[in-house]
1. State whether the residues of the range 179-196 include one that is part of a helix (DSSP H, G or I), without any contact (Cβ under 8 Å) to a residue 40 or more places away in the chain and away from the ligand (no atom under 13 Å from the Cβ).
2. Kindly indicate which of Arg204, Arg231 is more than 10 Å from the ligand (Cβ to nearest atom), closer than 20 Å to Leu98 by Cβ and open to solvent by 40 Å² or more (accessible area, probe 1.4 Å).
3. Might you check whether a residue that is among the hydroxyl-bearing types (Ser, Thr, Tyr) and out of contact with any strand residue (DSSP E or B) (no Cβ under 8 Å at 6 or more places or on another chain) occurs anywhere in the range 104-118?
4. May I ask you to list the residues in the range 119-155 that are among the aliphatic types (A, V, I, L, M), in contact with a helix residue (DSSP H, G or I) (Cβ under 6 Å, 6 or more places away or on another chain) and within 16 Å of the ligand (Cβ to nearest atom)?
5. Filter the range 197-236 down to residues that are of a type in the set (Val, Ile, Thr) and assigned to a loop (DSSP other than H, G, I, E, B) and give me whichever is farthest from Gly109 (Cα to Cα).
6. So which strands (runs of 3 or more DSSP E) are wholly in the range 21-140 and hold at least 3 residues that are touching a residue at least 60 places away in the same chain (Cβ under 8 Å), within 30 Å of Ser162 (Cα to Cα) and open to solvent by 10 Å² or more (accessible area, probe 1.4 Å)?
7. Quick one: which of Thr275, Thr246, Thr258, Thr251 is away from the ligand (no atom under 11 Å from the Cβ) and over 17 Å from the mean Cα position of the chain (by Cα)?
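The values are calculated or read from the model by the stated rules, or taken from the named source; none is laboratory data. Since the model is a prediction, treat every value here as computed from it, not as a measurement. FYI the Cβ positions are ideal-geometry reconstructions off the backbone, even for glycines, and counts take in every protein chain you see. Each accessible area value is taken on the protein alone, full model and side chains, heavy atoms only, with ligands, DNA and RNA left out. Shrake-Rupley method; radii C 1.70, N 1.55, O 1.52, S 1.80 Å.
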Amino acid sequence: MDEPPANPVHLPASRFLAERLGDFGPRVGLVLGSGLGFFADERIDAVSTVPYADIPDFPRSTVEGHAGQWVAGRVAGQPVLCMQGRFHFYEGYGMDQLALPVRIMRELGVEILILTNAAGGVREGMRPGDFMLLSDHINFIGANPLRGPNADAFGTRFPDMSVPYDTELRARARQAAADLAIPLAEGVYLAVSGPSFETPAEIRAFRTLGADAVGMSTVPECIVARHCGMRVCAVSCITNLASGLTGEALTHEEVAETADRVRRPFANLIEGLLTRLPPP
Ligand code: HPA
């Protein structure tokens with residue numbers, strides 16, 4: 001862990017949220033992906049819930065299946081600050097707006113960021129309902145959230161990305177999966193901007209490039225988190241086989257249905273990881 005920013009809680013939205021959280025000091029940030037928001041309802045012992053709409057100058061969730069609120073509370077004793085619903089590039093937000101929630105979490109003391117997402121399976125053998133721990137990613141969004149003047153209070157101009165997903169946290173996630181007998185694949189997540197799903201030719205190209213799963217999120221948040229020295233761990237729920245692999249059309253409904261079908265093992269896996277985090 002790097003030292004926290006020299007001037008913590010300087011973003012207006014951080015100050016607002018800090019006031020609402022009172023003396024609750026989150027150590028872990030959790031971002032729940034499409035169809036995965038149930039985790040907050042089912043597993044977080046909430047002390048405070050703050051709708052995004054309440055926060056001055058804060059974006060709103062526009063996607064169905066994203067509640068659009070912060071949930072602060074404990075899971076397995078860990079103080080967690082959770083985004084129940086995230087922001088995506090395809091919604092039209094600027095990369096700076098995607099960076100904001102991660103920087104808010106950092107300002108509030110979050111050291112470990114757990115990212116979840118729904119993704120299409122690209123690697124042969126992936127099945128809808130599988131889980132994949134991210135070992136690495138490919139940014140195919142075509143933009144970087146750190147573009148523009150560097151936010152010196154958070155990190156350096158040219159941050160290292162040689163270990164985007166923390167080695168120890170990945171080992172802990174693997175251990176949680178093994179203890180709970182939940183199969184957990186591991187692989188490379190390729191992020192596209194969306195909102196259209198990919199073409200079959202794109203998926204063939206992505207496979208050649210080394211992608212194991214494809215989705216429309218996570219990578220901007222990971223980059224911003226690494227910039228400000230957070231440790232990151234990310235898990236994909238493979239909700240469908242990627243375009244061209246089944247002969248069927250892709251729909252958001254299929255994504256939501258699969259995420260709902262595996263809600264129990266998914267929640268167990270994330271809770272299992274939270275239970276096994278390294279001590280501060
Ligand atoms: N492609 C992109 N994003 C996704 C997919 C997909 O197949 N499934 C869930 N999110």
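1. No: zero hits.
2. Going through Arg204, Arg231 in turn, the sole match is Arg231.
3. For the range 104-118, residues among the hydroxyl-bearing types (Ser, Thr, Tyr) and out of contact with any strand residue (DSSP E or B) (no Cβ under 8 Å at 6 or more places or on another chain): absent.
4. Val122, Ile141
5. Selected residue: Thr199.
6. So the answer is 131-139.
7. Numbers: Thr246 fails: away from the ligand (no atom under 11 Å from the Cβ); Thr258 fails: away from the ligand (no atom under 11 Å from the Cβ); Thr251 fails: away from the ligand (no atom under 11 Å from the Cβ).
One residue alone meets the criteria, Thr275.
Quick grid of which residues meet (1) of a type in the set (D, E, K, R); (2) over 18 Å from the mean Cα position of the chain (by Cα):
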| residue | (1), (2) |
| --- | --- |
| Arg157 | yes, yes |
| Met161 | no, no |
| Leu169 | no, no |
| Arg174 | yes, no |
| Ala185 | no, no |
| Thr199 | no, yes |
